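Peer 1: Dropping the structure in here first, questions after.
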Amino acid sequence: MNRGCLLLYCLCVTVGLGAQQDSSRLTRLLAEYRIKTSIGLQLWSTYSAGMDVYDAATGTYTHADNRLNTQLRRSRFVFTGQPYERLQFNITAALDLVGHDLLSATEAAGNNAPSPGFRLWNLWLQYRLSKQPDRLYLLTGYFLPPVGRESSTAALRSTSFEKAWSQNYLRRHLTGSGPGRASGLLLGGQWHAPDDDLHLTYEAALQNPTGQDYNGNSSGINWSPLLSARLSVQLGDVESKTFTLLRRVNYFNQREGITLSLSAARQGETAAFGRMSTLGVEVLYSTAGFHLDGDYHFLRRNVAGGNADTRTAARTGYLRLGYNLPLAQERILEPVVSYWFFRGPTSPEAIFRAQLTRSFTGSDIGLDLGANLYLNANFKLSLFYAYRHGDAGESDPAEINNNFFQQVGVGPVRRGNYLGTGCVVIF
């Protein structure tokens, strides 16, 4: 062996040993800090019909061609860990709506730049204050207010093709944005009865949504924190043995129980309104393969400095039913029906008051019918039909502010219906 080959051999051995040492060090670090990672993908192909676009020049609607649209609807990149006995963390990034055609009947904006944008989805530190496990935690970071069953359900664990769009109205009512997150503090925990048939989950948060002023970076000259809370009573099996901000629906026949929740939120004067409040109930019932979940919320805002005559009110909610049918090779077929609604002001006077508080108007309903085929708990295929209907009441549909009559990036529309196939896979 000449000197060059010998030198190359020694270098390879040295690099190899160093790589093994680095790999071993990384493995120990991951184990010591209990670091886990997860990637989830949701891909859709939909065929839309009945989408109309408003032409301001003529004051009429133009029919958009029916179309096939394939998109990366959602992706989640999750990084969790527990570096110390009482301290945990969660960091989640999202890459959504890549390939979404704004004139398809599906909701939301697009993410079709030459380099589609990632964004922060969740980030929090969770510290256990109590000596007893799970009794009381303090969280700080960027997270959802603890209001709304569907809002708190992880998107890739929802059982309908699309999450109930009632959550969008609730989130935007609370924080002014569709993702619905805000920075703040939260106290929460769980209490379990000795016989393990009764469980209480409690959450209370103080957050500071930035609102819509100064390009979404301030709530305006007037400031008030968003206060929210939820109390959940669980009878039978507990949903989660450890406290978590996130919810799920299908427990694949492993849970027998019911969860009933009362949730509320309040915020004082900002640039958008004089006062905002929300009050609602939430439910999850699981038994023998059958699951029912839903929520119902009242939404209220007042004009700054106004009285009862300047109040605007609306309601939103959903109800979803599913059933697990066992198939060969441990696969599961899950028929699902989901109904959701938003009902806001429809008279000219009430719509005017709602506009003063940047609130939604008119009505918007959705009905999803279809089924999921689970190859396993983390891999499902879906086929659904989504029906949409809106009502402008006594006003011009082009002036109504809701998701049936408005499309981000387009303007006034009349939303159509669609047939969708999709898959969700979580690694």
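Peer 1: Residues to consider are D134, D65; find the one that is in contact with a Ser or Thr (Cβ under 8 Å, 6 or more places away or on another chain) and assigned to a loop (DSSP other than H, G, I, E, B).
Peer 2: From the options D134, D65, the qualifying one is D134.
Peer 1: If the Cβ limit is 7 Å and pairs must be 6+ apart or interchain, which residue in segment 399-427 that is free of Cβ contacts under 8 Å to residues at least 60 places away in the same chain and closer than 23 Å to N112 by Cα pairs with which residue that is of a type in the set (A, V, I, L, M) and not in a strand (DSSP E or B)?
Peer 2: Short answer, once both residue conditions are applied: F405/A392.
Peer 1: If you don't mind, there's one more thing I want to ask. Answer with yes or no whether F161 is modelled with pLDDT of 95 or more, aromatic (F, W, Y) and within 17 Å of L206 (Cβ to Cβ).
Peer 2: Details: modelled with pLDDT of 95 or more: yes; aromatic (F, W, Y): yes; within 17 Å of L206 (Cβ to Cβ): no.
Considered against the rule, which asks whether it is modelled with pLDDT of 95 or more, aromatic (F, W, Y) and within 17 Å of L206 (Cβ to Cβ), F161 comes out as no.
Peer 1: Given the residues D368, D396, D391, which is the only one that is within 16 Å of S48 (Cβ to Cβ) and among the acidic types (D, E)?
Peer 2: Going through D368, D396, D391 in turn, the sole match is D368.
Peer 1: Identify all residues within segment 109-132 that are free of Cβ contacts under 8 Å to residues at least 12 places away in the same chain and crowded, with 17+ Cβ neighbours inside 10 Å; write none if there are none.
Peer 2: Scanning segment 109-132 gives no hits.
Peer 1: Taking segment 384-405 as the region of interest, how many residues are crowded, with 22+ Cβ neighbours inside 10 Å and outside any strand (DSSP E or B)?
Peer 2: Number of matching residues: 5.
Peer 1: Can you list residue pairs whose Cβ atoms sit under 9 Å apart, with the first residue in segment 325-353 being over 24 Å from S160 (Cα atoms) and of a type in the set (D, E, K, R) and the second being modelled with pLDDT of 95 or more and in a helix (DSSP H, G or I)? Count only pairs 6 or more apart in sequence or on different chains.
Peer 2: Pairs found: none.
Peer 1: Quick check on this structure: which one of Y47, Y54 is part of a strand (DSSP E or B) and touching a helix residue (DSSP H, G or I) at 6+ places or on another chain (Cβ under 9 Å)?
Peer 2: Y54
Peer 1: Can I ask one more? Go through (1) within 26 Å of P179 (Cβ to Cβ); (2) in contact with a strand residue (DSSP E or B) (Cβ under 8 Å, 6 or more places away or on another chain); (3) of a type outside the set (S, T, N, Q); (4) surrounded by 15 or more Cβ atoms within 10 Å (Cβ to Cβ) for Y47 and report which single condition fails.
Peer 2: Answer for Y47: the failing condition is (1).
Peer 1: Could you pull out the residue among L381, L369 that is over 19 Å from F252 (Cβ atoms), modelled with pLDDT of 95 or more and either among the aliphatic types (A, V, I, L, M) or outside any strand (DSSP E or B) (or both)?
Peer 2: Only one candidate passes the filter, namely L369.
Peer 1: A further question follows. Restricting to segment 327-344, what's the tally of residues that are surrounded by fewer than 18 Cβ atoms within 10 Å (Cβ to Cβ) and either over 16 Å from S382 (Cα atoms) or hydrophobic (A, V, I, L, M, F, W, C) (or both)?
Peer 2: 6
Peer 1: Listed residues A272, A304; which is in contact (Cβ under 8 Å) with a residue 40 or more places away in the chain, part of a loop (DSSP other than H, G, I, E, B) and within 22 Å of N168 (Cβ to Cβ)? Even if it seems obvious, please write down each step before you answer.
Peer 2: Working: A304 fails: within 22 Å of N168 (Cβ to Cβ).
Sole residue among the options that is in contact (Cβ under 8 Å) with a residue 40 or more places away in the chain, part of a loop (DSSP other than H, G, I, E, B) and within 22 Å of N168 (Cβ to Cβ): A272.
Peer 1: Also: What tally of residues in segment 217-269 results from selecting those that are surrounded by fewer than 21 Cβ atoms within 10 Å (Cβ to Cβ), within 22 Å of L174 (Cα to Cα) and among the polar types (S, T, N, Q)?
Peer 2: 5
Peer 1: Mind listing whichever residues of segment 214-259 are assigned to a strand (DSSP E or B) and basic (K, R)?
Peer 2: The answer is R230, R247.
Peer 1: Here is a list: L356, L319, L381. Which entry is surrounded by fewer than 17 Cβ atoms within 10 Å (Cβ to Cβ) and at negative phi?
Peer 2: Of L356, L319, L381, the one residue that is surrounded by fewer than 17 Cβ atoms within 10 Å (Cβ to Cβ) and at negative phi is L381.
Peer 1: Test of understanding: among G211, G188, which residue is surrounded by 15 or more Cβ atoms within 10 Å (Cβ to Cβ) and either at pLDDT 95 or above or assigned to a strand (DSSP E or B) (or both)?
Peer 2: Unique residue meeting the criteria: G188.
Peer 1: Looking only at segment 133-155, count every residue that is touching a Leu at 6+ places or on another chain (Cβ under 9 Å), more than 12 Å from R181 (Cβ to Cβ) and either surrounded by fewer than 20 Cβ atoms within 10 Å (Cβ to Cβ) or of a type in the set (F, W, Y) (or both) and tell me the total.
Peer 2: Looking only at that region, the number is 6.
Peer 1: Confirm whether Y374 is modelled with pLDDT of 95 or more, over 22 Å from the mean Cα position of the chain (by Cα) and of a type in the set (F, W, Y).
Peer 2: no
Peer 1: Also: Taking only segment 379-427 into account, find how many residues are farther than 24 Å from L170 by Cβ and of a type in the set (D, E).
Peer 2: Number satisfying all stated conditions: 2.
Peer 1: Something else now. What's the number of the condition S177 fails, among (1) farther than 29 Å from V425 by Cα; (2) modelled with pLDDT under 95?
Peer 2: Every listed condition holds for S177 apart from (1).
The values are calculated or read from the model by the stated rules, or taken from the named source; none is laboratory data. None of the values given here were measured: they were computed from a predicted structure. Because the Cβ atoms are built from the backbone with ideal geometry, glycine has one as well, and the counts that use them run over all protein chains shown.
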